[in-house]
Structure formats: structure tokens, C-alpha cells
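What follows is one structure encoded as C-alpha cells, with my remarks underneath.
Rule-based calculations on the coordinates, nothing more; no lab input. Note that this is a predicted model, so its numbers are computed, not measured. Backbone-built Cβ (ideal geometry, glycine too); neighbour counts: all protein chains shown.
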Amino acid sequence: MLLNDIDAIIIGGPTASGKTEIAHELAKLLNTEIISADSMCVYKFMNIGTAKPSLEKRKEIKYHMIDIVLPNEYFDVYMYVEKAKNLIKAIKEKGKIPIVVGGTYLYIQALLYGLPQTSEPDFELRKKLENIANKKGLNFLYQKLKTIDKDYAKKIGPQDKKRIIRALEVFINTGKPFSSFHQWKTPKLNVLGFYTNLTQEELNKNIEKRTIYMIEQGLELECINLLCLGYENAMTSSQAIGYKEMIPYIKGKISLEEAISNIVKNTKEYASRQRRWFQKTGFIPIRSLEDIKNHLLSLGL
């Protein structure tokens, strides 16, 4: 096998597991470009809470799918896959192997296996469901989803407002659970897949440290800026972990300690789901860049 036979190298893994740093160093080693697979890094003005690569790093290596839409603009997995596929093709045409890095496993899954052939978006129904979530709480809709599609509900978790509403929308319009449209069989891309394999204890410690670091770096001011720009009620971006927990603190409803505790709790829960998903992919577990280099050498690449 030749490196040129590979469509992309994927480096996935839970949040705060070091995958972005590993991907950056690998990109320098291979003289290539990086395609982000993070559903929140696509939004402008959301830098600290999403742990985007620094501007210095983005000068060293070309990053794609970062800062491409405003926080109140619509963006979904369909749009991501279309753009990512075109980027992979363009980077390959330069004689380089693109590196896809991120923890949004639904993006990676759709990129590899294609998109489920569900009903067309129903924005009117979606708005009604969003209004119900605002009035009765997101957990009310999540419990409804659990009764009709337990597997998908477990997969996305109770905080993923966008996907909870989309799954209910599809069920109401088709009478079929959202998960029934998902057929993951043969990958559409030839990839080398890796994931950062930290223990849950290691992840928890990293998450706690990173949360404090984000606060020290100015997460509160970043949230205030988003509020001043009028992005509080943007359906997807406002649900990003780190932002949705800080807003009640900024409004004086909870203490900073409570906000930090909520960020840590929600991040740990999301990281656990990410970790379980990547462990089932067949991707190669790694802990450092050396693990990838050794694997490439073993393949004669």
C-alpha cells in the first residue's frame, strides 16, 4: 500500500485527549493540510470555548472548516460532508494526504459512510419543536425521543438540542425512528483511522484542567461578546458546551463555581460518549505521534 492510495488520515477521539496537537505535528511531518471535524469550530467568534487551534498554529499549517459561518447561520452534517469531500479531493490533487481531525463522530461517520436518506428538513415543524423545548425544557423532548428511538437518544445524549429536534422531526414526518435510516456498511473513503486512547481518569483530569484554562483565557468575555452580538438564541452554536453553562452565570443566576462545575460535568459526559464511539470504529488506538509514525513504518509508508 502506498500513502497516495489513502484518501485521508483520520485522527479522532474525545475532547481534551490531545488529538489536535498530534494532528498538527503529523501535518508538519507530512507537509499537508488539516480538515476539522468539530461541529462547533465552524462558528466564528467562538474560539476559547471550542479550543480552536491558535492563530500561530494556523499560520504553520493550513486548517479548513474553521470559522466558516456566523453563530446564527444554519450549518449541518450534510453541508459538512459536501464541503469536506471537496476539500479532500482538492488536497489530494496537490499530491498531499489530508488529515481529518475532530471529535464530532457524527460528522466522521457521515463522511465515511454517507448520509441517511431521511425526509427533507421541515423548518416549520422544527421551529415548533424548538418552542416546546424553550417552554418545557429540552429534557421534555429528550424523554419523548427515548420512547421512540432509544438507541439514537443514548447515542447523542440529553444536551444535543439540534439532533434531538431533528430526530423527532423525522419521526413525526415519516413514522420511522431516525436510527432506522442509518446503514453503516462499506466506507466510501479509503482512510487510515486513529483515535486517542486515554483512560477515563486521564480524560477527566484533562477536562478539569482545560476548563480552568478556558476561564483564565477569557471564556466569560467571549460569551459576553456573543451575547452583545445577539447570538444567544442561535439554535446550534448556543448549545455548545462551555457557552450554555456560562450564560446563566453572566446573567447572575448561578455562581462562577456552579458554571465551572456544569462545564466539567457536561464535558465529561460528552467525552465518555465520544470515547465509546471511537472504541467501536476499528480505528487504531494511539497516545502520541510516535504511535502513528510507528504504524506508518510498519506499513512501509
List the relative contact order of the chain as a percent without decimals, with contacts defined as Cα pairs under 8 Å and 6+ residues apart. 29
In whole percent, the Cα-Cα distances of segment 67-223 spread across 10 Å bins from 0 upward as 8, 28, 33, 26, 5, 0
Compute the FRET efficiency between LYS62 and LEU256 as 1/(1 + (r/R0)^6), taking r as their Cβ-Cβ distance and R0 = 22 Å, and round to the nearest 0.05. 0.05
Could I have the simple spin-label model distance between SER298 and ASN131, label points 7 Å from Cα toward Cβ, reported in nm to one decimal? 5.7
How large is the translational diffusion coefficient of segment 123-181 in µm² per second when you combine the Kirkwood radius over alpha carbon pairs with Stokes-Einstein at 20 °C and 1.002 mPa s? 193
So what's the net charge close to PRO71: Lys and Arg +1, Asp and Glu -1, counting the other residues with Cβ under 12 Å from its Cβ? -3
Between the residues THR15, ASN86, THR32, the Cα farthest towards the positive end of the dipole of segment 1-93, that dipole coming from +1 and -1 charges on the beta-carbon of Lys, Arg, Asp and Glu, is from THR32
Please report, in whole Å, how far the alpha carbons of the chain spread along each principal axis, starting with the longest. 58, 47, 34
With a point put 7 Å past each Cα toward its Cβ, work out how far LEU229 is from LEU30 in nm, to one decimal. 3.1
Charge dipole (the chain, unit charges on Cβ, about Cα centre) - positive-most of ILE6, ALA153, CYS223: ALA153
What trypsin sites (Lys or Arg not before Pro) in segment 231-301 are in a loop by DSSP, with at most 16 other Cβ atoms within 10 Å of the Cβ? LYS251, LYS253, LYS280, ARG287
